[in-house]
Structure formats: structure tokens, C-alpha cells
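What follows is a short report on a single structure.
The values are calculated or read from the model by the stated rules, or taken from the named source; none is laboratory data. Given the structure is predicted, the values throughout are model-derived calculations rather than measurements. Every residue, glycine among them, receives a Cβ derived from its backbone with ideal geometry; neighbour counts consider all protein chains shown.
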Amino acid sequence: MTETAVPGRLALLRASIAVVARGGLRALTYRAVAAEAGVSHGLVRHHFGTRDQLIAAALDHAVDESLRATSMFDEVTDAAGFAAGIETLAQQDGDMQAFQYELLLESRRRPELRPHAQRYYDAYREANAAALRRLGVTDAALIDAIWFALDGLVFRQVVLPEDVGPVLDRIRALVRDAASA
């Protein structure tokens, strides 16, 4: 879902992401979001109604922004361009990535959050699969393996950043080999 929010709503989404990235999902309150955004807490309730609606909107925003920061929405024409931006995703906006992983972990403890986690995985898996299919990769198991590797790579970058260029080069070689097969 593409974010077409008014700037006030967008500021609240960004504030929500920052609050969760710093303090976990349990820190997400209307007051905390309002303080982060510099507005009254009534404005948060006005825009989102419930905490779960705020979580859902913030997750949709985070997924859209993260996918936009990579090449997954682009018309990549070769394996060399596949997953461009993945290596710096956590550096560009670590809060955005931390927010998403916090939500995923919390969904393990709170079943009512599982639909949000499922939406996260569905969006990324589909974007990854679509990018790979455009490159000519049709092996469903390989597509999933690449998605799992990229997801793990981003999580690692959030926790312990390091040079992942060689890993991405190997993934791109797999893509190139699968596309030419």
C-alpha cells in the first residue's frame, strides 16, 4: 500500500516507528507517539482510532519505504542490479528495520499481531519473487531461499552491521545462473 498520507499523518507514522525502534512495541502509546511528533495525543487517536490501527498503518508505511529503498519496486534488468540497496538498508534507516523486526517478534507473543506479521512477509516475499521473475528466475524454492537470505541479511545489519557485499555478490551469481538456466 503506497503512503499518500498528509504530512501530519506521515509525521505520526514516523514517530511511531521511532518509538518502537527505541523501546519495543510495548513503548508504543498515544502519548509517546505524540511526544515524539510534537503534537497532542488526541491527534494520534484522531488519525488512527486504535493502537492496532496505528501499528498496521506504521507497518504498511515501513514496508513501503523499505521496498522503495531497495530495487524491489524498480524494473531491474539484470542480476547485478538485483537487491540493490539491501546492504545499506539498515544504515539508511535502522529505526524502520528495527520497528519491523520488533513487530515480528512481538507477534510471536501476541497472536492478534500475526496478521500484521503475515502482511510483512507477504509484501516482501511477493516483491522479491516479482523482481526475480522479471529476471527469469522461476524456481520457487530458490526464490524463497533468496528471500530468506535477504531477510536474514537485513536483520544482521540491524543488529551487527558488517560488509555484506560478498554475500550479495554470491546471491546475485545464483540469480544470474538461475536466470540463464
Criterion first (among the small types (G, A, S) and out of contact with any helix residue (DSSP H, G or I) (no Cβ under 8 Å at 6 or more places or on another chain)) does A117 satisfy it? no
Confirm whether R119 is surrounded by fewer than 18 Cβ atoms within 10 Å (Cβ to Cβ), among the charged types (D, E, K, R) and in contact (Cβ under 8 Å) with a residue 60 or more places away in the chain. yes
Under 7 Å by Cβ, and 6 or more places apart or on different chains, what pairs join a residue from the range 72-83 that is more than 12 Å from L174 (Cα to Cα) with one that is part of a loop (DSSP other than H, G, I, E, B) and of a type in the set (S, T, N, Q)? G81/S71; A83/T70; A83/S71
Note down all Cβ pairs under 8 Å where the first residue falls in the range 151-172 and is small (G, A, S), the second is surrounded by 13 or more Cβ atoms within 10 Å (Cβ to Cβ), and they're at least six residues apart or on different chains. G165/E87
Selection status of R133, over 17 Å from the mean Cα position of the chain (by Cα), assigned to a helix (DSSP H, G or I) and within 26 Å of D60 (Cα to Cα): yes
Within the range 136-165, residues of a type in the set (D, E, K, R) and either surrounded by 12 or more Cβ atoms within 10 Å (Cβ to Cβ) or touching a Phe, Trp or Tyr at 6+ places or on another chain (Cβ under 7 Å) (or both) come out as D139, D144, D151, R156
Just one of (1) at pLDDT 95 or above; (2) more than 14 Å from L103 (Cα to Cα); (3) of a type in the set (S, T, N, Q) trips up S16, so point out which. (2)
Members of the range 75-108 that are among the acidic types (D, E) and either closer than 15 Å to A123 by Cα or surrounded by fewer than 15 Cβ atoms within 10 Å (Cβ to Cβ) (or both): E75, D78
